[in-house]
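A.B. asks: Quick one: this structure, given as structure tokens, is what I'll be asking you about.
The values are calculated or read from the model by the stated rules, or taken from the named source; none is laboratory data. Please read all numbers here as calculations on a predicted model, not as lab measurements. Every residue, glycine among them, receives a Cβ derived from its backbone with ideal geometry; neighbour counts consider all protein chains shown.
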Amino acid sequence: MQNKEHLLHFSDLNSEIFSLLNSLQEALFLCDEQQKISDVNDIFAQLLGYTKEQIIGKTLVELTDDENIASVTAFCQNPPSNGAEIILQTKDLQQVYFFVKVKNITINNYDVKLFTLSDITKIKIENQHLLRQSKLAQMGEMINMIAHQWRQPLNAISASAIKLSMQNQLDLLTSKEVEKTSSFIQDSAQKMSQTINDFMNFTKPKQEKESIFLDDLLNEIFSLIENQLKDHNIEVEVSSEVDFPLYIPKQELQHVLINLITNARDALNEAQQEEKKIIIKTNFNNNICTITVEDNAGGIPDEHKEQIFEPYFTTKEQGKGTGIGLYMSRKILKELLNGEIAVSNKNGGASFEVILHNPKVDKDAVK
Ligand SMILES: Nc1ncnc2c1ncn2[C@@H]1O[C@H](COP(=O)(O)OP(=O)(O)OP(=O)(O)O)[C@@H](O)[C@H]1O
Ligand SMILES: [Mg+2]
């Protein structure tokens, strides 16, 4: 440790190392003990649209926007040893996503921090685009489900109206009959309204964690999709061994499970089986929660097992699949649910296992 007045610059290094650092594609800068940037390489300055002189002397926090000050401050105070993602702001106010690693080093007896940054903006934007696409695809699915759920009560309401009118024309209409039909129409409309409520629950724009019972979450999904499954003669069996709530981002887990259930439905629609089945099991063991979605539609050919998680891999005809369901599911699990997904073929079909590591649970909660 030496006098702090001296700012260490890359140029204090051996001139070959200095020119090497400047020619790297990776952005780099040095920070002193007061967290002030003492030097940057060309790439870092270019990415942010500043000159080196404009950056030197600033802190990293001064290079971000209001939205990200808190996370950049937290990062600077305690940089994770395996790196982290941060968002900085360019001179013309654009956001740039970086993956940053920090190393404490001593050069010429000066203790400094060396920051290395990879620009991941492109990947981030592509992923946000995929997530939006996947959500849109799922909305399309849900509108389909609503249409299915509504068909039966709509037909029933329409038939009741015709019956009332005919009874009236034949002078057979009694007040008892009017009451009966009216309450039937009210019940049917109530069912339709419930479908909309269920749908709204899925599309609420929130990612917060909440306390959820897995069987409630599955019931909500099936209340939307059950008519569609019935129409395709698909039977569903749910066996839940987890009778306490998990504290997790509900919407994200729903997104994953709907992807898996609609995939099973699609596979079963293509299959020739007499008895079509989706079996869902939940289990909690050694702080690991597992949710298995199995079907008996023939499984996944070995040569596709790796590919199915790649973006845009689909075997469905155009318009029926975009190939991002499983890619997004794996990503959501990894990034938002501390989880993973595995697939195997068993019992004449595909078995997808959603694994959540150490989810927060409340074993004392009762329904
Ligand atoms: N349960 C399953 N049984 C058999 N094959 C499956 C099953 N689930 C997924 N697959 C295969 O994996 C591919 C990729 O699935 P994924 O959910 O990522 O995309 P998709 O369903 O084709 O389209 P999208 O979900 O974007 O509408 C499917 O096209 C299908 O070939
Ligand atoms: Mg899918």
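A.B. asks: Considering N219, N263, N227, which residue is surrounded by 13 or more Cβ atoms within 10 Å (Cβ to Cβ), touching a Gly at 6+ places or on another chain (Cβ under 7 Å) and assigned to a helix (DSSP H, G or I)? Steps first, answer last, please.
C.D. replies: Details: N219 fails: touching a Gly at 6+ places or on another chain (Cβ under 7 Å); N227 fails: touching a Gly at 6+ places or on another chain (Cβ under 7 Å).
Result of the check over N219, N263, N227: N263.
A.B. asks: Test of understanding: among Y50, Y97, which residue is surrounded by 15 or more Cβ atoms within 10 Å (Cβ to Cβ), of a type outside the set (S, T, N, Q) and over 30 Å from the mean Cα position of the chain (by Cα)?
C.D. replies: Working: Y97 fails: over 30 Å from the mean Cα position of the chain (by Cα).
One residue alone meets the criteria, Y50.
A.B. asks: Of the residues E310, E317, E306, E270, only one is away from ligand 2 (no atom under 15 Å from the Cβ), assigned by TED's automatic domain parsing to the domain that holds G339 and either touching a Phe, Trp or Tyr at 6+ places or on another chain (Cβ under 8 Å) or free of Cβ contacts under 8 Å to residues at least 60 places away in the same chain (or both); which? If you could, list the steps in order and put the result at the bottom.
C.D. replies: Numbers: E310 fails: away from ligand 2 (no atom under 15 Å from the Cβ); E317 fails: away from ligand 2 (no atom under 15 Å from the Cβ); E270 fails: away from ligand 2 (no atom under 15 Å from the Cβ).
That would be E306, the only listed residue that is away from ligand 2 (no atom under 15 Å from the Cβ), assigned by TED's automatic domain parsing to the domain that holds G339 and either touching a Phe, Trp or Tyr at 6+ places or on another chain (Cβ under 8 Å) or free of Cβ contacts under 8 Å to residues at least 60 places away in the same chain (or both).
A.B. asks: While we're looking at this one, here's another question. Quick one: in the range 320-356, of everything that is farther than 20 Å from H255 by Cα and not charged (D, E, K, R), which residue is nearest to ligand 2 (Cβ to nearest atom)?
C.D. replies: Going residue by residue through the range 320-356, those that are farther than 20 Å from H255 by Cα are 344-349.
Checking which are not charged (D, E, K, R) leaves us with 344-345, 347-349.
On the way: S344: 18, N345: 17, N347: 21, G348: 20, G349: 15 Å.
Among them, the one singled out is G349.
A.B. asks: Looking at the range 317-362, which of its residues are more than 23 Å from A267 (Cβ to Cβ) and either within 12 Å of ligand 1 (Cβ to nearest atom) or touching a Pro at 6+ places or on another chain (Cβ under 9 Å) (or both)? Please lay out each step first, then the result.
C.D. replies: Step one: of the range 317-362, the residues more than 23 Å from A267 (Cβ to Cβ) are 334-338, 356-362.
L336, L337, N338, V361, D362, listed by residue number.
A.B. asks: Going residue by residue through the range 232-255, is there one that turns out to be surrounded by fewer than 18 Cβ atoms within 10 Å (Cβ to Cβ), hydrophobic (A, V, I, L, M, F, W, C), at pLDDT below 95 and more than 15 Å from ligand 1 (Cβ to nearest atom)?
C.D. replies: yes
A.B. asks: Only one of these conditions is not met by N104: (1) under 30 Å from L229 (Cα atoms); (2) surrounded by fewer than 15 Cβ atoms within 10 Å (Cβ to Cβ). Which number is it?
C.D. replies: (1)
A.B. asks: What's the number of the only condition in (1) among the polar types (S, T, N, Q); (2) without any contact (Cβ under 8 Å) to a residue 24 or more places away in the chain; (3) within 22 Å of E335 (Cα to Cα) that N104 fails to meet?
C.D. replies: (3)
A.B. asks: Take S182 and tell me if it is within 16 Å of ligand 2 (Cβ to nearest atom) and either part of a helix (DSSP H, G or I) or within 30 Å of G83 (Cβ to Cβ) (or both). Talk me through it step by step, then tell me what you get.
C.D. replies: Numbers: within 16 Å of ligand 2 (Cβ to nearest atom): no; either part of a helix (DSSP H, G or I) or within 30 Å of G83 (Cβ to Cβ) (or both): yes.
It is false that S182 is within 16 Å of ligand 2 (Cβ to nearest atom) and either part of a helix (DSSP H, G or I) or within 30 Å of G83 (Cβ to Cβ) (or both).
A.B. asks: If a residue has to be of a type in the set (D, E, K, R) and in a helix (DSSP H, G or I) to count, how many in the range 29-83 make the cut? Spell out the reasoning first.
C.D. replies: If we filter the range 29-83 for residues that are of a type in the set (D, E, K, R), which is where we start, we get 32-33, 36, 39, 42, 52-53, 58, 62, 65-67.
Those left that are additionally in a helix (DSSP H, G or I): 42, 52-53, 62, 66-67.
Of the residues in the range 29-83, 6 are of a type in the set (D, E, K, R) and in a helix (DSSP H, G or I).
A.B. asks: With respect to K135, determine if the residue is within 16 Å of ligand 2 (Cβ to nearest atom), part of a helix (DSSP H, G or I) and not aliphatic (A, V, I, L, M). Break it down stepwise before answering.
C.D. replies: Working: within 16 Å of ligand 2 (Cβ to nearest atom): yes; part of a helix (DSSP H, G or I): yes; not aliphatic (A, V, I, L, M): yes.
The answer is yes for K135.
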